[in-house]
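Quick notes on the structure that follows.
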């Protein structure tokens, strides 16, 4: 729970328990609560740097963005957004939150890899980059992420199809002029991310 002590709003214990329960099912190799903690670490870094215009809403979007996750399903983001709305209505009904913005941010994560900086506002860009910062992590952390995603898809998508799709996704990212939508993350992680992606593509 320690990662949540810096939350920009007071979180009821019931909400915290509900979040942990959501990320525990089904068991996940990468999209677990540990991933949320890493995203929140980047949330804190942005807060100490350029800052957030809507810190409470962005925080909740970070918290719930992968709450519903079934490998290969196309409605994970929509279901996670709905779960976030339900949680706010249940646990934070009088907090004055813009729950529509929370939902919108979560739904945007379905478009990773297809957005350009001009497609989103500055805060949306920073939020999405918090989720994608793993691309620029230390090689060992990136490799663990890469293996974890493959493990999550095992049994859901034939291995050959998964590797083909994954290779196309990574190659597509490498071909992009910008991997990160914000200058804050671009400056910090672009070079490391490209090195990680190239290594993964070469090994495919």
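Nothing in this text is a laboratory measurement; each read-out follows from the coordinates by a stated rule. Quick caveat, the model's predicted, so the values are computed rather than measured. With ideal geometry, Cβ positions are generated from the backbone for all residues, glycine too; neighbour counts draw on all protein chains shown.
Counting only helical runs of four or more DSSP H residues, what would the 222 nm mean residue ellipticity of the chain come to if each run contributes -39,500 (n - 2.57) and the total is spread over all its residues?
On the way: 9 runs with 127 residues, N = 204.
That comes out to -20000 deg cm²/dmol.
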* Tell me, 184, 59, 169, 127 in order of fewest to most beta-carbon neighbours within 10 Å? -> 169, 184, 59, 127
* Calculate how steeply helix 55-64 sits against the longest principal axis of the alpha-carbon atoms of the chain, using the helix alpha-carbon long axis, and give the answer as 0 to 90 degrees to the nearest 10. => 60 degrees
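Cut-off is 10 Å between beta-carbons; in what order do 102, 149, 39 appear when sorted fewest neighbours first?
Lowest to highest Cβ neighbour count: 149, 39, 102.
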* To do: Working from Cα positions, state the angle (0 to 90°, nearest 10) between the long axis of helix 13-23 and the longest principal axis of the chain.
  => 20 degrees
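Which whole-number percentage describes the relative contact order of the stretch 109-204, with Cα contacts under 8 Å and a sequence gap of 6 or more? Display every interim value, and only then the final one.
Details: 74 pairs, mean separation 41.6, N = 96.
Relative contact order, the stretch 109-204: 43 percent.
Evaluate the relative contact order of the stretch 1-122 (contact order divided by residue number), counting alpha-carbon pairs under 8 angstrom at least 6 apart; express in whole percent.
Details: 102 pairs, mean separation 29.8, N = 122.
24 percent.
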* Helix axis angle, 122-132 relative to the chain longest principal axis, alpha carbon, degrees -> 60 degrees
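Would you calculate the volume per residue, in Å³, of the smallest convex hull containing every Cα atom of the chain?
Details: hull volume 23.0 nm³, N = 204.
Each residue corresponds to 113 Å³ of Cα convex hull volume.
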* Return the single residue from 56, 166, 94 with maximal mean-square fluctuation; model: Gaussian network over the chain, springs between Cα atoms under 10 Å. => 94
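Which FRET efficiency value, to the nearest 0.05, do you get for residue 6 and residue 151 by plugging their Cβ-Cβ distance into 1/(1 + (r/R0)^6) with R0 = 41 Å? Could you put the intermediate results ahead of the total?
Working: r = 30 Å, r/R0 = 0.74.
Rounded to the nearest 0.05, the efficiency is 0.85.
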* To do: Report relative contact order for the chain in percent, whole number only (criteria: Cα-Cα under 8 Å, sequence separation at least 6).
  => 22 percent
